[in-house]
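First the structure, in the form of structure tokens, and then the observations on it.
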Amino acid sequence: MAAVVKAINAKIRAHPVLNYVCSTHFWGPVSNFGIPVAAVMDTQKSPDLISGPMTFALCVYSATFMRYALAVTPVNYLLFGCHVVNEGAQLTQGYRYLQWTQWGGKEKAALAAAAEAGKEKVEEVKAKVEEVVKK
């Protein structure tokens with residue numbers, strides 16, 4: 001049985017593409033791509049859901065592992081690409097967080113909501129006035 005497993009392993013390792021697909025240099029980044037995909041999808045959500053400390057931690061994490069991906073032998077460009085995408089998404093989220101919490105985004109949203117509520121109230125009053133005038 002061990003000889004069969006050894007023969008199968010030798011056959012896989014002899015083929016360069018199969019050898020790469022069966023390595024951690026491939027499956028590590030592939031499984032890690034869930035983080036940047038989630039971050040990119042989160043850019044469509046409300047900025048009040050963003051955690052500033054977690055976004056900062058993920059920025060540091062991605063920057064660190066971008067460097068690691070280039071430092072290992074052989075260089076892991078798939079891991080590097082994964083962390084480039086994640087770094088970009090996290091920086092976008094960080095900007096949205098700062099815009100919302102520090103640069104008046106929350107206040108602007110509240111003002112816009114109040115203006116919209118005022119417009120709706122004006123429409124209601126206008127409809128009531130027209131109804132009274134018709135009588």
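With under 30 Å from Val17 (Cα atoms), of a type outside the set (Val, Ile, Thr) and in a helix (DSSP H, G or I) as the only criterion, which of Leu79, Leu58, Leu91 stands out?
Working: Leu58 fails: under 30 Å from Val17 (Cα atoms); Leu91 fails: under 30 Å from Val17 (Cα atoms).
After applying the criteria, what remains is Leu79.
Condition check ((1) touching a Ser or Thr at 6+ places or on another chain (Cβ under 9 Å); (2) touching a residue at least 24 places away in the same chain (Cβ under 8 Å); (3) under 22 Å from Ala38 (Cα atoms); (4) in a helix (DSSP H, G or I)) across all residues:
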site	(1), (2), (3), (4)
Pro53	no, no, yes, yes
Thr64	no, no, yes, yes
Thr73	no, no, no, no
Glu87	yes, yes, yes, yes
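Scanning the stretch 107-128 turns up at least one residue that is over 30 Å from Gly34 (Cα atoms), surrounded by 12 or more Cβ atoms within 10 Å (Cβ to Cβ) and not charged (D, E, K, R). When Ala57, Ala38 are checked against the criterion of being closer than 30 Å to Ala110 by Cβ, modelled with pLDDT of 90 or more and exposed (fewer than 15 other Cβ atoms within 10 Å of the Cβ), Ala57 stands alone in meeting it. For the stretch 109-123, the condition of being farther than 30 Å from Asn9 by Cα and under 12 Å from the mean Cα position of the chain (by Cα) holds for none of the residues.
Examine the stretch 13-35 for a residue that is of a type in the set (Lys, Arg) and within 23 Å of the chain's Cα centre (by Cα), and state whether such a residue exists. Working first, answer last.
Step one: of the stretch 13-35, the residues of a type in the set (Lys, Arg) are 13.
Applying the additional criterion that residues be within 23 Å of the chain's Cα centre (by Cα) yields none.
No, the conditions are met nowhere in the stretch 13-35.
Close Cβ contacts (under 8 Å, 6 or more residues apart or on different chains) running from residues in the stretch 1-19 that are over 24 Å from Pro74 (Cα atoms) and modelled with pLDDT of 70 or more to residues that are acidic (Asp, Glu) and not in a helix (DSSP H, G or I) are absent.
The values are calculated or read from the model by the stated rules, or taken from the named source; none is laboratory data. Worth saying up front: this structure is predicted, and the values here are computed from it rather than measured. FYI the Cβ positions are ideal-geometry reconstructions off the backbone, even for glycines, and counts take in every protein chain you see.
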